[in-house]
Amino acid sequence: MLQFTWPAVALALVLPWLAARLLPPAAPLAAPLRVPFFPAAHRWQGAAEGGRLRVRSVLALAAWALLVAAACRPQWIGELVGVPSSGRSLLLALDLSGSIRDISLGAESGPEVLRRTAREFIAGRAGDRVGLVVFGSRAHVQAPPSHDLPALAALVEESFIGLAGEGTALGDAIALGVARLRAMPREQRVLVLLTDGSSTEGVMKVPEAAQLAQHHGVRVHAIGLGEPRSNAKASPGEGLDEPALKQIAALTGGLYFRAGDAGALARIYETLGRHEPARTDTRHYRPAVELYVWPLALAALLALAALAAAWRREHA
């Protein structure tokens, strides 16, 4: 529908009429020349120029009306459009270390399980801003939190084992996630770890990183991949370090899950959905298209036409 943002400006339409009624006539520029036959000459001039004078007046008044219409700021208001409201700011930390190659889940290899799990998690976060951190020997922000979930899923698909090195800097990944999330509102700070939990490298130790996350109010949910370590004396990088992941989740108020099979993954998504529900609220607005340029352009054309008519009169 058509709408005028500033309709009160339309009062300016009467300004030419007020000027003609209230302002005194312009004084002659020189002493008038007295002509005995002036009445007859006036009639001749009126017969020749009356039509042209009316045309110029109509053009000038039409141009003024269009200028006033443009000043009223006409807009075309469209239909209601729904926009998802801003939800949580989540970071998904993806373990791309070499130890992921040793994991298998049924017929799927470790990298396949990792990518599929990440894609399915991202697909269920409509309404949230989701970012991606990848880590191996080093941790990197692959994508900052955004609503562009298809692009994020494409980045996950393009990721490969060893992208950030062969080691596992789990503590650095948590610390990097905290650094990215601490500027967000406290209730929106969520980090989801998808890892085998065996930290072998990095500047920051895992317990220190967990305490840092707790201090900044970042909830860390950990999803463990692979088989747990068979004994406490296993060397770093051998098997899933469940105690470390459980400690991280408990300290930060998050949850720990073990992705043992496809059914376990489904239960993980369901539980995470209850604890960190995606925001699906929708705000509505009506898009507005500015139309003032059209009456403004028409007014300019009419003004040029009036000026051209006056010029022709002077040089006729």
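The values are calculated or read from the model by the stated rules, or taken from the named source; none is laboratory data. Quick caveat, the model's predicted, so the values are computed rather than measured. With ideal geometry, Cβ positions are generated from the backbone for all residues, glycine too; neighbour counts draw on all protein chains shown. Ligands, DNA and RNA are stripped out before the accessible areas are found, and what is left, the full protein with its side chains, is counted by its heavy atoms. Shrake-Rupley method; radii C 1.70, N 1.55, O 1.52, S 1.80 Å.
Quick notes on this structure:
- Across the range 107-176, Cα pairs under 8 Å and at least six residues apart give a relative contact order of 35 percent.
- Max-minus-min Cα coordinates of the range 148-223 on each principal axis give 33, 32, 19 Å, with the largest extent listed first.
- Rounded to the nearest 10 square angstrom, residue 79 shows an accessible area of 150 square angstrom against a 1.4 Å probe.
- Ligands, DNA and RNA left out, the 1.4 Å accessible surface of the range 105-222 is 54% carbon and sulfur atoms.
- Packing here is the average count of other Cβ atoms within 10 Å per residue, and on that basis the peptides 185-193, 2-10, 218-226, 162-170, highest first, run 218-226, 162-170, 185-193, 2-10.
- A probe of 1.4 angstrom, applied to the heavy atoms of all protein chains, finds residue 109 with accessible area near 50 square angstrom.
- Solvent accessible area, Å² - residue 184, 1.4 Å probe, full protein context: 50 Å²
- Full extension of the chain between residue 77 and residue 292 gives 76.1 nm of extra length, using 0.36 nm per residue less the Cα-Cα distance.
- Ranking 205, 246 from most to least accessible surface, computed with a 1.4 Å probe over the protein chains only, gives 205, 246.
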